[in-house]
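Reviewing the structure listed below.
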Amino acid sequence: MNAPNKNSSKLPDLKELIKARNWSGASTLLQHELESSDMNSEEYLNTLHWYGYCTFHLGDYMKAGEVYQQLIEKVDNPQLFLDLACCYYKLNQFNEAREVASNGQECSLKTRLLFSVSTLLDESSQQNVTFDDLESQLTMAAMHVRKGRYDDALAIYKGILLDNRNLTGVFIPAAICYFKLGYSDVASDMIRIYLQRVPDSLTAINLRACVDFKLFGARAALDDMEELLVHQATHPTVLNNVAVFRGGKKGQQVWSGIKHNSVEARVNLAIVLVRQGAIEEAHNVLTQFSTVFDQYVPAFQLVKSSVLSSLGQQKQESQLLETARNEFHALGSSKRVANTVIGRQSMASYHILTGNFGQAVRFLRSIESYCSGEQGFHANYGIALGACAQFTEAVEHLEKCDEPPKLWYARCLIQVDRADDAWKIYENNSGDMTPKEVTTMLLLLGNDCFTAGHFLESAKAFSVLLAQDDSHDNWTAFRAAIAGAFRKIVYSEMQPKYLGVIVALLEGSRKPKALSMANSMRDWAETAA
């Protein structure tokens, strides 16, 4: 992307804004100048060119493309075709980028752009690109990054830095690779060195905030973004990251607006929708708006497989679950992510779906220090630990989720003698559950509480089930739980005040046998007193 000619009557102010990388301020200034200029004047066209340049750097590639298209119709400048092609490239419209770039002047930018397009489309490039010069090496490294081949990209960046350690500009793409591979501490060191040289870099500040979010939490990340929120508040990357750091507050609105040109926005929007229970809508976001290049983004693949798994469980479709298992295994065992955090998360999910919870715990334990702020990690870890009967640790992880998986959370609470809290999960959420979900929860509470000796909570669950279905099994289970609870009172293992609750449950069933049991308990209470 080349800057236009610097002939403007108001250029000093503009130069200050651009030097400060205040693209939002520069765009506003230029927009004001355009409104007060003659559309047919040379000054207007030069200002328009600057406006396209600034909106491009602001991340509004669609708007920048419209500006360059307008300029092409009015100005005979072959460089404008390459500017427009860069906009198409950023919007993942690679065929359009190639077609427009072919009309541009011959230069290294055109060569690298056409080579990049051919590489991303998995076509044989006809461009005469040698990889001896720095720009070509950086182009190839960028292609590896776009396809998620972070190790291959790092090999190029390391080679460049080995020859010239002073090329600190390479530190940021290298730091991105380290961050994507889960080495946040290494990425942090490289960003710190770069920011000492270029303290106002939008990309570096954004990346530092992402790393700090991973290492230290949301408050540290938002502190990093404070300056960008003043000057670059409308940049898509800033919008996306701030919404993440604020726990998704207003995130759905933000991510819906930029989901077309940001894979991160698609991923984050899908996560929010899943938390809201809109699993099918989340799946649609990841399929309808995705590009062919999303498959190269491990985070996208992981979330897509997770959504598919949730959809399969919601619809009870074995084919969807099998597809999710296969996708988790393919991602987790692939060479490029096998030993990364995402790779191990994926393998853990695969083992959870296949019922091999011990292996899942092994994978999740190995990345625990990297995922302390991720609720999805804590949910999976809690489930796997619960399935391995490590209930105390399971509860600790599940309680780090805003909305822990209800069945597993209830099951683990019961096993750590918090059956009353498990019963509250049902009481607080039954209104939002489907009839089938209610029945499943009540059966779990009834059976698990009975097995663990929490007979009063078991009796409550079977009382509700009995009211829904007056079956022999429910009646038998209810009576057994009532008898167990009464026995604990008789042997002073439960406070006498709960006898009133037991009697109320019996009378609520309106069965003659239950009423007889209630009368017998009252008689015992009078005698015991």
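The values are calculated or read from the model by the stated rules, or taken from the named source; none is laboratory data. Computed from a predicted model, the values in this text were never measured in an experiment. No Cβ is skipped: glycine too gets one built from the backbone with ideal geometry, and neighbour counts run over all protein chains shown. Side chains included, ligands, DNA and RNA excluded: accessible areas come from the protein's heavy atoms. Shrake-Rupley method; radii C 1.70, N 1.55, O 1.52, S 1.80 Å.
Assorted remarks:
- All distinct Cα pairs of segment 23-114 go into the 1/r average, and the inverse of that average, the Kirkwood radius, is 13.3 Å.
- Nearest-ten-degree value, helix 419-429 long axis tilted from longest Cα axis of the chain: 60 degrees
- The chain, accessible surface, carbon-and-sulfur percent (1.4 angstrom probe): 49 percent
- Under Karplus coefficients 6.51, -1.76 and 1.60, residue-wise ³J(HN,Hα) of segment 399-409 in Hz, glycine/proline x: 6, 8, 9, 4, 9, x, x, 4, 5, 5, 5
- From largest to smallest, the equivalent ellipsoid semi-axes obtained for segment 269-336 from the alpha-carbon gyration tensor read 19, 16, 9 Å.
- Beyond 23 Å in Cα-Cα separation lie the following of the pairs Lys436/Lys488; Lys180/Lys214; Lys90/Lys147; Lys315/Lys406; Lys436/Lys513; Lys406/Lys460: Lys436/Lys488; Lys436/Lys513.
- Segment 63-189: relative contact order in percent, alpha carbon pairs under 8 Å with at least 6 residues between: 13 percent
- Accessible area in square angstrom per residue, the chain, 1.4 angstrom probe: 49 Å²
- Under 5 Å, built H, 5+ apart or other chain: amide partners of Gly148: none
- Estimated vicinal HN-Hα couplings, Hz - segment 136-142 in sequence order (Karplus 6.51, -1.76, 1.60; Gly, Pro = x): 5, 5, 5, 4, 5, 4, 4
- Spatially, segment 274-347 and segment 455-529 are offset by 47 Å when compared through their Cα centroids.
- DSSP-loop trypsin sites (Lys or Arg not before Pro) across segment 90-122, with at most 13 other Cβ within 10 angstrom: none
- For segment 301-416: relative contact order, % (alpha-carbon pairs under 8 angstrom, 6 or more apart): 15 percent
- Taken over the C-alpha atoms, the chain has Rg and Dmax values of 30.5, 106 angstrom.
- Debye-sum result for segment 97-213 in log10 I(q)/I(0), which assumes one identical scatterer on each alpha carbon, at q = 0.09 Å⁻¹: -0.28
- Formal net charge of residues neighbouring Asn103 (Cβ-Cβ distance under 14 Å; K, R +1; D, E -1): -4
- Neighbour net charge for Leu506 - beta-carbon separation under 11 angstrom, K R +1, D E -1: +4
- Helix-only CD estimate at 222 nm, as mean residue ellipticity for the chain, using -39500 (n - 2.57) per DSSP H run (n ≥ 4): -22500 deg cm²/dmol
- C-alpha long axis of helix 435-452 to longest principal axis of the chain, angle in °: 60 degrees
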